[in-house]
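The values are calculated or read from the model by the stated rules, or taken from the named source; none is laboratory data. Since the structure is predicted, the reported quantities are computational estimates derived from the model, not experimental observations. Neighbour counts are summed over all protein chains in view; Cβ atoms, including those assigned to glycine, are modelled from backbone coordinates with ideal geometry. Heads up: the accessible areas ignore ligands, DNA and RNA and are worked out on the full protein's heavy atoms, side chains in. Shrake-Rupley method; radii C 1.70, N 1.55, O 1.52, S 1.80 Å.
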Amino acid sequence: MTPGDKLRLLIADDHAMILEMFQMFAGQTTDMELITAKDFDEAFGQIRDHGPFEIVLLDLQMPGMNGLEGLERALPANQGKPVAILTGNPTAHLVDDVLARGGSGVVPKTMPLKTLANAIRFMAAGERYVPLELLSNRTAAREALEHPLTEREFSVLEHLADGSSNRDIASALSLAEQTVKMHVKSICRKLGVSNRTQAVIASRDKNLL
């Protein structure tokens, strides 16, 4: 972008009220030009026909997204320019997944408009945006455990939450499968549960994921 150019922003969400709110927001922001879409297919068509955009925001739950598959499709279509996730229920685990797949961040729908404008400009400049409260909540939750998990145990726990098998976790983390089993056993003991499914549920209840 050169001085005086408007930041071209694409926002896709299947709720008309959300899009209307963003349209009002863009109308009050002199340096942004907004295009909207009602589902992923329409958003992908906009990127293909009118992109790349300086930044794209995709609602995580709208039709066509299929979880974060939509993010992975949109990134190359937008020619490497920022693509972020819009959601009403941001979690630390979601942020980790989005960043790991090359996304530019996670934007809560409850964000104040002034903060939203700053987050959009921040990501459009090539930075990654993570809501501070998510990082604070997870740090506080980790410190509150009577028997804190190690960083390696947290890594294993995140893979458990994705439904990965011990073999897959071992491969992803370059560990022996028996070592993964030991970590899973330790995680369950520290969380006071008896199996991996309960460990994932408990960790989410405690805001660890």
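Here PRO63 fulfils each of the conditions (1) touching an Asp or Glu at 6+ places or on another chain (Cβ under 7 Å); (2) in contact (Cβ under 8 Å) with a residue 40 or more places away in the chain; (3) under 22 Å from ALA161 (Cα atoms) apart from (3).
Those residues that are free of Cβ contacts under 8 Å to residues at least 40 places away in the same chain and open to solvent by less than 70 Å² (accessible area, probe 1.4 Å), I need them from the range 17-26; list them, please. Please lay out each step first, then the result.
Start the filter on the range 17-26 by keeping residues that are free of Cβ contacts under 8 Å to residues at least 40 places away in the same chain, which leaves 17, 19-24, 26.
Across the range 17-26, the qualifying residues are LEU19, MET21, PHE22, ALA26.
In the range 83-97, the qualifying residues are those that are part of a helix (DSSP H, G or I) and of a type in the set (A, V, I, L, M), and the one that is modelled with the lowest pLDDT is ALA92. Can you work out which of the residues in the range 184-209 that are of a type in the set (D, E, K, R) and assigned to a helix (DSSP H, G or I) is nearest to the chain's Cα centre (by Cα)? Among them, the one singled out is ARG204.
More than 19 Å from GLY103 (Cβ to Cβ), under 21 Å from the mean Cα position of the chain (by Cα), hydroxyl-bearing (Ser, Thr, Tyr) and surrounded by fewer than 21 Cβ atoms within 10 Å (Cβ to Cβ), is that true of THR36?
Details: more than 19 Å from GLY103 (Cβ to Cβ): yes; under 21 Å from the mean Cα position of the chain (by Cα): yes; hydroxyl-bearing (Ser, Thr, Tyr): yes; surrounded by fewer than 21 Cβ atoms within 10 Å (Cβ to Cβ): yes.
Yes.
Give GLU177, GLU127 a once-over and let me know the one that is closer than 30 Å to GLY27 by Cα and either in contact with a Phe, Trp or Tyr (Cβ under 7 Å, 6 or more places away or on another chain) or modelled with pLDDT of 90 or more (or both).
Details: GLU177 fails: closer than 30 Å to GLY27 by Cα.
So the residue among GLU177, GLU127 that is closer than 30 Å to GLY27 by Cα and either in contact with a Phe, Trp or Tyr (Cβ under 7 Å, 6 or more places away or on another chain) or modelled with pLDDT of 90 or more (or both) is GLU127.
Restricted to the range 1-77, the set of helices (runs of 4 or more DSSP H) holding at least 3 residues that are over 20 Å from ARG128 (Cα atoms) comprises 16-27, 40-50.
Can you tell me which residue in the range 162-183 is farthest from the chain's Cα centre (by Cα), limited to those that are hydroxyl-bearing (Ser, Thr, Tyr) and in a loop (DSSP other than H, G, I, E, B)? Can you show your working first?
Of all residues in the range 162-183, those hydroxyl-bearing (Ser, Thr, Tyr) come to 164-165, 171, 174, 179.
Now drop any that are not in a loop (DSSP other than H, G, I, E, B), which leaves 164-165, 174.
On the way: SER164: 19, SER165: 23, SER174: 25 Å.
By that ranking, first place goes to SER174.
Residue selection: SER186 fails the criterion of being open to solvent by 70 Å² or more (accessible area, probe 1.4 Å), modelled with pLDDT of 85 or more and more than 28 Å from ILE85 (Cα to Cα).
Out of the residues in the range 22-33 that are of a type in the set (A, V, I, L, M, F, W, C) and over 21 Å from the mean Cα position of the chain (by Cα), state the one that is farthest from VAL83 (Cα to Cα).
Checking each candidate, the answer is MET24.
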